[in-house]
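Scroll down for the structure; my scribbles are underneath it.
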């Protein structure tokens, strides 16, 4: 500070020197001022009774001290302790082990490969008739297809750029490909709380077999290989009681795969008296068989004759090619004709009403097809098979 | 010395309040203690002098009953009080009342209130008008008196640290959460309860509220690890592209999390300008958003067109100087998906430093003849150079080292050692310093002739590391707590670490916090 570059006069320089002399005084004053402020703060807190606020319990301090030893973490707990933690899934409410939470949530939210996302969507659409906002989010997970713009924005520099086979990462973690019961938890069906009508609606679409382990229904289609038709029949009997006649594969549900197994029934449907019933192998049953089932006889007592089944298959196949799967009975035993007529007579009155009702009750996306089928039903059943005449009471 | 809450007013103050009120007090304060104008300050300088000994220092006081200035050191004010029976005087440095008769400074709630008001008025618009110290109310004081067991976060305390359970390949999430939990700015914001949730319709889905809860969990003193299942569910709900049980990139998660937090700060009602960072003042933008300036210089007319884009992080290339450029090694490494060490040993670049990477990042680049753009100055298609510099520095700067290479020939992880400093100065990479200079070849000393200001100094506070190969690996992180202590976080295990551990680690995401933050 002693050297200055400007050419000042001697007065200027002496003035500067004087200023320099004052510098220590200025500093002292500043320091004194700050100290005084601090003193006032402490004095004030003492007088106001807030001085103790800063006090800490020494025992507490000790408790939270950081531990720095080999083999222990900072809390003093051993590093290799394998404590299991649990948490509650926000989606389904189940208690899941914390280490397995991520895979569970993936299936629970319907995002993994094996989760029954489509099935649970179907359930939601039929049961609640509301469409959820994140329907289109589901599209993200149709593999390989539409990639939304978020995907493309993803930076190119991450270790997860491509997705190699999942097995390489999930190698040591078990059960990625889960059992049927796990899958059905996608959108699990609370069948206990549902009314008969709701159960009928649901059971028309899904396999429905209740797993012993999880007490949940299987949400796969009626062709689910895991469960037999017998099981499906049992479930419907159990859930719907005597009204288990609604389980026909009728116009409401059009299986995209085409021909579909339909569960066995035990009584004529109150909705569709004219529609043929099928057995657990998909063969159309004679009215005799239908009646037998209604009486609660075991299935074995009412097995179809091979001849009958072959012809019924042919007929069905014919109808299928025309887009009809539910027309006409398969039996060609005349003896059963009268029996079937009587069986259906009681329900004939409501035939017309139920026919139209079935069309309107179909899921929105399948309206077209079912309407078409309705139309076909009327026409074709009249012309193709004379036996049908008895049933076609429209 | 009374300890009654609410102050221990001496009877003289009470009498003053009843008789004349505190107006005189206020006038003296505003003129001689907390001056509001330069004129007042000049007046103060001229008149604050002891009437008896002429000193200007030594704790001057002003009598409340007459116009008298006296110093304390030489007992002048005390003598004045005795002789004139003027009990109360006012300290001219801080405005505290001295009762000469009682012989001590006295405090009163109403007096304190006036003091606060005058101080606030005087310091408005200046830096001194920042935070106000917390004074407990009588209720709070009562509570505190009855509950003496208090927890203080000392230098050696575990409070603020907590492990996070791995929910199944979620180590990437755990590391980012640890880094965010130890961001001082965010911590202060959330612990002072500043978040007001605007997600009225779906408050249960607000990720910012969840973050607030996480801070509470971390500072609860609980020692068992926290299970962040709710956080995972929320993130998967709001950032669908990240959802799914598989390993993810920590950097991607970081950006996605910031994005969701940023959106949720705005609430669920207004969606119009949520991508306009210039208008956003949410905590995320305040902390993480910086401005990156891009200057494109036309080679013909040297006209420069400038744009500033916001950024949340800077992704840095590691350089292209291969040590072992054996193509055979490269090809075989590309097909190996296991045995991480075998790959990384086969390929390496010369070890580099963060500052080198930053220099490279801010170096002017010729765009090439295939990328001619129309210059707005000379209106012709010319070759140009482009330079990126930092225009606005964020409070927290995140540097992402590009260690995962995806090119057409191979995918691999680059494990080159990158040294990074604990204290970083970003001044050389700022816009005003760099324009046009190819500073890659200039030594650091030449670049900054004047010492860098403190404004651009950053301190490292979190490092996220990746161990493994490009397909599978494990994330761990180092975080800084209590100023100088470092801790290693590996999911639910937290252990103490040294600075050397941190600086010698590989480094994938580096988090730096600005040292000096200005309050606006």
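We did not get these values from a lab; they are worked out from the coordinates using the rules stated. Only a predicted model underlies this, so the values are computations on that prediction, with no experimental measurement involved. A quick note on method: Cβ atoms are made from the backbone with ideal geometry, for glycine too, and the neighbour counts reach across all protein chains shown.
Here the gap between residue B:217 and residue B:84, fully extended at 0.36 nm per residue and compared with their Cα-Cα distance, gives a gain of 41.8 nm. Ranked by the mean number of other Cβ atoms within 10 Å of their residues, highest first, the peptides B:67-74, A:30-37 come out as B:67-74, A:30-37. Label point of residue A:21 set 7 angstrom out along Cα-Cβ; within segment B:53-68, no amide nitrogen lies under 11 Å from it.
Site pair residue B:498 and residue B:299 shows an inter-label distance of 5.2 nm when each label is modelled 7 Å from Cα along Cα→Cβ.
Within 10 Å of the Cβ of each residue in B:487-498, the mean number of Cβ atoms contributed by other protein chains is 4.
Averaged over the residues of peptide B:160-169, the number of Cβ atoms from other protein chains lying within 10 Å of each residue's Cβ is 5. What residues from segment A:55-75 fall in the zone where the backbone N is under 20 Å from a label point 7 Å along the Cα-to-C-beta line of residue B:143? The answer is A:55-57. Counting Cβ atoms of other protein chains within 10 Å of each Cβ in B:96-104 and taking the mean gives 1.
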